[in-house]
Amino acid sequence: MRDAHVLRGKLDMLVAADVILDCENLTLAGQRLGLSQPAVSRTLGRLRAAFDDPLLVRVGGRMRPTPRAEALRAPLAAMLRAAEDLYAPAGFDPARARRAFRAVIPDVVAAVILPELLARLAKAAPACRLELLPWRPQAEQPRDLDLVITTEIDAFPDFRMKPLYQDDDILAFAGEAPSGDPLALEHVAVIAAGASRDPVDRWLAEQGRSRRIVAVVPHYLLALQLVARGGHVAVLPSRMVAALGAPLGVRGLELSVPQDPDQQWLMHPPQLEADAGNAWLREQVEAVAR
């Protein structure tokens, strides 16, 4: 493995060579390099030894480059430009980028943000695509995962996170608005994989109440479809019902019982904190989630 200090020393010498050959004057070169004239003279001496050439010779009252020095100008400039590119932060041009972003987004959130998010990607980043992955905890996700949207922050303990949006639950129904005690209606509960109960039943139990459950499904979208067929109700996130309910004839009523709002979090791996492409994607998600 190359020694980093040796490489850095050689790079400094090449920078000095570029400046000295550009100025053709040791005093001016010293001003640009932040070195005294004696220090620049010593540097020129090392460069002459390294290239086995005088590089600059005094002609009359001025220093003139040798043919070898003239031949070095272009490759020196190209090499230093390449070095600057290595140290410069990687940018992201969505119009030219070709990248597959991989994300975990639950159906309840995808229903709200995905149509506009895909439209934004198609317009601003036409060669990029979004791949949605199934829900799994952090340890079981691929290493190239870009972001996660979830309420389950404990499942991704190492990820950076910020609040995305809050949503209240409503009573979703089709047809005429139900009357009487809403908890006595035939409810479709949603219990996601790995969960033991619907969050609705947790905060109802905290108030000493319960509801009549006639079916349990693993996804909010399936619950919405069952409600649309009539005869059942479900407690669903209001933004999902607003986004998808109208074509299905599903509306919502505010719940008459206190509830905990659903807090969705936008999360990403810490190693992608400074990644320009990942930051751009997070900005797009935040914009469509407002």
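FYI, it's all coordinate maths here, none of it is from the lab. Small disclaimer: the values here were computed from a predicted structure and weren't measured. Cβ coordinates were reconstructed from backbone atoms using ideal geometry, including for glycine residues, and neighbour counts include every protein chain displayed.
Observations on the structure shown:
- Length gained on full extension, Gln225 to Leu11: 70.5 nm, using 0.36 nm per residue less the C-alpha separation.
- Fluctuation leader among Val257, Val112, Val19 - the chain, Gaussian network, Cα springs under 10 angstrom: Val19
- Hydrodynamic radius of the chain per Kirkwood, over alpha carbon pairs, in Å: 24.4 Å
- Against the compact-protein benchmark of 2.2 N^0.38 Å, the Cα-based radius of gyration of the range 143-204 scales to 1.56.
- Contact order normalised by residue count of the chain, Cα under 8 Å, 6+ apart, percent: 20 percent
- Among Arg143, Arg251, Arg211: highest mean-square fluctuation, GNM of the chain, C-alpha pairs under 10 Å: Arg143
- Between helix 238-248 and the chain there is an angle of about 60 degrees, using the helix long axis and the longest principal axis of the Cα atoms.
- Placing a pseudo-label 7 Å from each Cα along the Cα-to-Cβ vector at Ala95 and Asp154 gives an inter-label distance of 4.8 nm.
- Mean sequence separation of contacting Cα pairs (under 8 Å, at least six apart), scaled by the length of the range 4-87, corresponds to a relative contact order of 27 percent.
- Subtracting the Cα-Cα distance of Arg32 and Arg73 from their residue separation scaled by 0.36 nm leaves 13.0 nm.
- Using a Gaussian network model of the chain in which every pair of alpha carbons under 10 angstrom is joined by a spring, one finds that among Gln138, Gln264, Gln207 the greatest mean-square fluctuation is at Gln207.
- Measuring nothing but alpha carbons in the range 4-87 and taking Rh as the Kirkwood radius, the Rg to Rh ratio lands at 0.96.
- Label point distance in nm, Leu132-Leu118, each placed 7 Å from Cα along Cα→Cβ: 0.8 nm
- As an equivalent ellipsoid, the range 175-290 spans semi-axes of 32, 18, 13 angstrom, where each value is the square root of five times an eigenvalue of the C-alpha gyration tensor, largest first.
- Potential lengthening of the chain between Ala39 and Val214 amounts to 54.4 nm, from the contour at 0.36 nm per residue minus the alpha-carbon distance.
- Residue-averaged [θ]222 nm for the chain, counting only DSSP H segments that reach four residues, each worth -39500 (n - 2.57): -13500 deg cm²/dmol
- For the range 55-72, backbone phi angles converted through the Karplus equation (6.51, -1.76, 1.60; θ = phi - 60°) give residue-by-residue couplings of 6, 10, 10, 7, 10, x, x, 10, 8, 10, x, 7, x, 4, 5, 4, 5, 7 Hz, Gly and Pro being listed as x.
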